Amino acid sequence: MTKLSNKQIPWVALIIESLIAVIILAITSDQIPLMNVAVFAQLIAMLLSAFAALEAAKAAVGFGLKRWIPILGICTASYILIISLFNIIKFGISFSFLSIFSIGLIAAIITSLWNKRIGHKTF
């Protein structure tokens, strides 16, 4: 599951992302929810990457990254994320978006509870 594609992306992530897109297209013929979910997911990934870069810049001496660059990334991702949320609300929260979001939230809660049960640290 950790094999990477030629673009250094885990192949399981590519398959799961494709399955999610196919499920959304099968549930609804309107592609606006698919676009909203895709943009929302990309922005969350961008925001988390910017936070990780900020933490790396704080933690590592001589990391070679100015702190203002990740801060600018956080501001940009947050701004576009707010616009994306307004678009989701404007076009209506679709069943497909709610179902995927709920499944992800439930999976995160179960994983967190499982890790606490077996004694792993969670972030």
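Computed from the coordinates by the stated procedures, all read-outs in this text should not be read as laboratory data. Quick caveat: nothing in here was measured; it's all calculated off a predicted structure. Neighbour counts run over all protein chains shown; Cβ positions are idealised from the backbone, glycine included.
Things worth noting here:
- For peptides 80-88, 15-23, sequence by mean Cβ density within 10 Å, most packed first: 80-88, 15-23
- In this label model, SER78 and LYS66 are separated by 2.0 nm, measuring between points 7 Å along each Cα→Cβ vector.
- Binned Cα-Cα distances of segment 31-91, short to long, each 10 Å bin given as a whole percent: 24, 41, 22, 12, 2
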